[in-house]
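Peer 1: Before we start, here is the structure in question, set down as structure tokens.
The values are calculated or read from the model by the stated rules, or taken from the named source; none is laboratory data. Please read these numbers as outputs of a predicted model, since none were measured by experiment. Note that each Cβ is placed from the backbone with ideal geometry, even for glycine, and that neighbours are counted across all protein chains shown.
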Amino acid sequence: MASRAHEQALAAMLSHLALSFDGAILGAALAYAAVRSFLSYTANSKSLAKIRKAPSLSVSDLRSILQNHDQDNQNQEQKLVIVRGQVEAKSAVDGSGKKSLGDSNVLLSHESGDKAVILQRTQTCIYNEWKGFFGWTSDLRSIFGRSLKEQETTFLRTVPFTLVEGGQWPQSDYVIVNMDGSRHPLPLTMVYHQLQPIVASRYTFIQALFGHEYPVGVLHEEKILPLGKCISAIGICTSEDGIPEIKSCKDLPYFLADMTKDQMVADLAIKVRILLWSGIVLGSLSVGVLGFAVMRNWNKWKAWRQRRSRSRSQQPIHTTSDEDVSQNDDNDEAGDVPEGQLCVICLMRRRRSAFIPCGHLACCHTCAISVEREVSPKCPLCRQAVRNSIRIFDC
């Protein structure tokens, strides 16, 4: 129950913070999201333009294109190309283009037995939650709590590989794929997917009883990049000792992919369109919320200045009658004032002033003047905002 109360207090604090200053914090957050959307839109638009301009080549045409490019543009930037071919281990092709004996540099899947050049094993711990006898589980904990601890373990192995044209052997043309520094997603194939249940213990039952999450199983997955799979590689292509080599470009969202050039362009065009409209919508919302917050705070500031100027204009009137006020207050203090008619602030003098507009007769004249001179004057009884006070005399 204590954790539930803390989470409710945290959620209330976050909502209060977002709506504070008449929504200025929420408007600033929306503006930040809009800026991020426009920045992503700009980056993806540049990537889309580069992919559209990049030539889509076969492996056999790549060597001649690179030779012509090096002769014509020796001092210019490296060439961005899109190459499509079949995956083959680098150890399978020697310098003469003949297939070498043995597959010592090829990875072998433990589950399917397939040969591959990239092998990725993942173990994911699956958690479950139960509302328990002591209250519902908190969605806030499920959102923020799981991100604070590791839920997934990944093991990745790679071997050097190339892209070749399928259908014929020996392969005289191939391009080496350089994976150094690449953090792009990989076009892996799922070959193993199994959930291993975890036997519940007494401690697990106690966790569920109090509404805490508890492990129910471990998900084992194995993905590979098999030999012979046809993929596309988009990146910077160079020639090392006459052998083409392609490496990733950090400015592009793709490096190795199952998609062709046309599919990449279509997929990226949809993302660009979504980012553009999300930036426009978030920007419009942020302008509206910030404009509302500015107008509300501006009106509050003007009202405060008007009250302050009004209190200053009424101050000489009060000062001219200070002697009478002090004399009446002394008389109130000297006399026997009933307890129900004492000032609620000083508890010494008789109630003489009523606040406008609430009409409560709560304070003596001196304390009423001090309340009016506050930045945000409020009635001490009902806490309603007051404009001024009037003196009440006995008949």
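Peer 1: Where residues in region 44-56 are out of contact with any helix residue (DSSP H, G or I) (no Cβ under 9 Å at 6 or more places or on another chain) and in contact (Cβ under 8 Å) with a residue 12 or more places away in the chain, which of them is surrounded by the fewest Cβ atoms within 10 Å (Cβ to Cβ)? Before the answer, list the steps.
Peer 2: Initial filter on region 44-56 (out of contact with any helix residue (DSSP H, G or I) (no Cβ under 9 Å at 6 or more places or on another chain)): 46, 49-50, 53.
Those left that are additionally in contact (Cβ under 8 Å) with a residue 12 or more places away in the chain: 46, 50, 53.
Working: LYS46: 13, LYS50: 14, LYS53: 8.
The residue in question is LYS53.
For (1) of a type in the set (Gly, Ala, Ser); (2) more than 30 Å from GLU88 (Cα to Cα); (3) at pLDDT 90 or above, each residue gets a yes or a no:
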position: VAL164; (1), (2), (3): no, no, no
position: GLY167; (1), (2), (3): yes, no, no
position: GLY211; (1), (2), (3): yes, yes, no
position: TYR214; (1), (2), (3): no, yes, no
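Peer 1: Please verify whether region 228-236 includes one or more residues that are modelled with pLDDT of 90 or more, among the hydroxyl-bearing types (Ser, Thr, Tyr) and touching a strand residue (DSSP E or B) at 6+ places or on another chain (Cβ under 7 Å).
Peer 2: Looking through region 228-236, at least one residue is modelled with pLDDT of 90 or more, among the hydroxyl-bearing types (Ser, Thr, Tyr) and touching a strand residue (DSSP E or B) at 6+ places or on another chain (Cβ under 7 Å).
Peer 1: A follow-up question, please. Tally time: how many residues in region 175-189 are assigned to a loop (DSSP other than H, G, I, E, B) and surrounded by 16 or more Cβ atoms within 10 Å (Cβ to Cβ)?
Peer 2: Looking only at that region, the number is 6.
Peer 1: Evaluate region 188-209: report whether one residue or more is within 30 Å of LYS50 (Cα to Cα), in contact with a Leu (Cβ under 9 Å, 6 or more places away or on another chain) and at pLDDT 90 or above.
Peer 2: Yes, the conditions are met somewhere in region 188-209.
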